[in-house]
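Okay, structure first, notes after.
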Amino acid sequence: MPESILTILKLCFLALLYLFMARVIRTVWIQISEADNEGITAAGPETVKSRQRRNRPTKLQIKSPRDRAGTTYEVDHELTIGRAAGCAVAVPDDSYASQLHARVFVRDGNMYVEDLGSTNGTTVNGKQLTEARRLKNGDRIEVGHTIFEVAK
């Protein structure tokens, strides 16, 4: 193989290597910038966003039926609610709940609930869900005959 072709291949390889490194550095830079914008700094003062994050709901507490009242579930990422044994919040004795009834999940630091196509639907504060809805402290979610309250 001629030496000129090998030299061109070496230069192409170096160019690709530099492009790869530039992408990696750019990605890291963006992640660091986003963390700073969210107030995630090692020694900075508490920001409005961090105070808001502290006041956001993080738990579901069963209010009804009485025999399960007070049971609390932490919502870290996602909880499924239904009669199926595989659900994070199983309500096997609630015949009005579907096998896989609803899901509560966290997106961008906020808690949401959505109905998963259940037969009897899911309500929040007495209103039927038609799409995912953001939850606030004190909201009441009704899945079948089981009522949950959102808390922090």
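Annotations
- Mean residue ellipticity (222 nm) of the chain, computed from DSSP H runs ≥ 4 via -39,500 (n - 2.57), nearest 500: -9500 deg cm²/dmol
- Selection from 101, 135, 82 lying farthest towards where the dipole of the stretch 69-152 points positive, charges on Cβ: 135
- For the chain, size of Cβ-based charge dipole, Lys and Arg +1, Asp and Glu -1, in debye: 360
- For the pair residue 105 and residue 22, a Förster radius of 22 Å applied to the C-beta separation gives a FRET efficiency near 0.05, rounded to the nearest 0.05.
- Heavy-atom accessible surface of the chain: percent carbon and sulfur, 1.4 Å: 56
- Relative to the longest principal axis of the Cα atoms of the chain, the long axis of helix 3-37 makes an angle of roughly 30 degrees.
The values are calculated or read from the model by the stated rules, or taken from the named source; none is laboratory data. Given the structure is predicted, the values throughout are model-derived calculations rather than measurements. All Cβ positions, even for glycine, are placed from backbone atoms using ideal geometry, and neighbour counts span all protein chains on display. Surface accessibility is based on the protein's heavy atoms, side chains included, excluding ligands, DNA and RNA. Shrake-Rupley method; radii C 1.70, N 1.55, O 1.52, S 1.80 Å.
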